[in-house]
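These notes are about the structure you will find just below.
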Amino acid sequence: MLIVAGHLIVDPPARAAYLAGCLGVVDQARSAPGCLDFSLSADLTDPARINIFERWADRESVEAFRGAGTGAEQNVEIRGASVAEYEIAEIRSLT
């Protein structure tokens, strides 16, 4: 399993529009083969931050979905980012 997690930084007035522009991407990801979860959300305390959480069955699935990555319009809006991939070897359910 692969988890992608982190955050993006955008100008606070642009955050709502940025997230609205990602609705199609979220729908596409959630229906992509190997996608177990995919979420982009506004941070509750930082008006410039967008939180990222993705869970994939394997690296091949995420790489097939990513393709070329974000489009030019989205890249222009991003002021900073901290995103990493984590390969998970063991899972322990907490529910």
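FYI, it's all coordinate maths here, none of it is from the lab. Keep in mind that this is a model prediction, so the values were computed, not measured. Heads up, the Cβs are rebuilt from the backbone with ideal geometry, glycines too, and the neighbour counts pull from every protein chain shown.
Can you put 39, 93 in order of Cβ neighbours within 10 angstrom, beginning with the fewest? Show your work: numbers first, answer last.
Details: 39 13, 93 4.
Ascending Cβ contact count within 10 Å gives the list 93, 39.
Rounded to the nearest 500, the helix-only mean residue ellipticity at 222 nm of the chain stands at -8000 deg cm²/dmol, with each DSSP H run of n ≥ 4 adding -39,500 (n - 2.57). What residue among 34, 67, 80 has the largest mean-square fluctuation in a Gaussian network model of the chain, using Cα springs under 10 Å? In the Gaussian network model the winner is 67. Test of understanding: in a Gaussian network model of the chain with alpha carbons linked when under 10 Å, which of 25, 76, 62 would top the mean-square fluctuation ranking? The residue that fluctuates most here is 76. Qualifying trypsin sites (Lys or Arg not before Pro) in the stretch 1-80, where qualification requires a DSSP coil assignment and no more than 16 other C-beta atoms within 10 Å, are lacking entirely.
For the options 44, 36, 23, a Gaussian network treatment of the chain with springs between C-alpha atoms closer than 10 Å singles out 44 as fluctuating the most.
Under the criterion of Cα pairs below 8 Å and six or more residues apart, the relative contact order for the stretch 2-87 equals 48 percent. Taking other C-beta atoms within 10 angstrom as a stand-in for reagent exposure, 8, 94 fall in the order 94, 8, fewest first. Here the Karplus curve 6.51 cos²θ - 1.76 cosθ + 1.60, taken at θ = phi - 60°, turns the phi angles of the stretch 35-48 into couplings of 7, 9, 6, 7, 8, 10, 8, 6, 5, 6, 10, 10, x, 9 Hz, with x standing for Gly and Pro.
Among 26, 10, the order by Cβ neighbours within 10 angstrom, fewest to most, reads 26, 10. Our coupling estimate for the stretch 24-30, obtained by passing each phi through the Karplus curve with A = 6.51, B = -1.76, C = 1.60 and θ = phi - 60°, is x, 5, 4, 4, 4, 5, 5 Hz, Gly and Pro reported as x.
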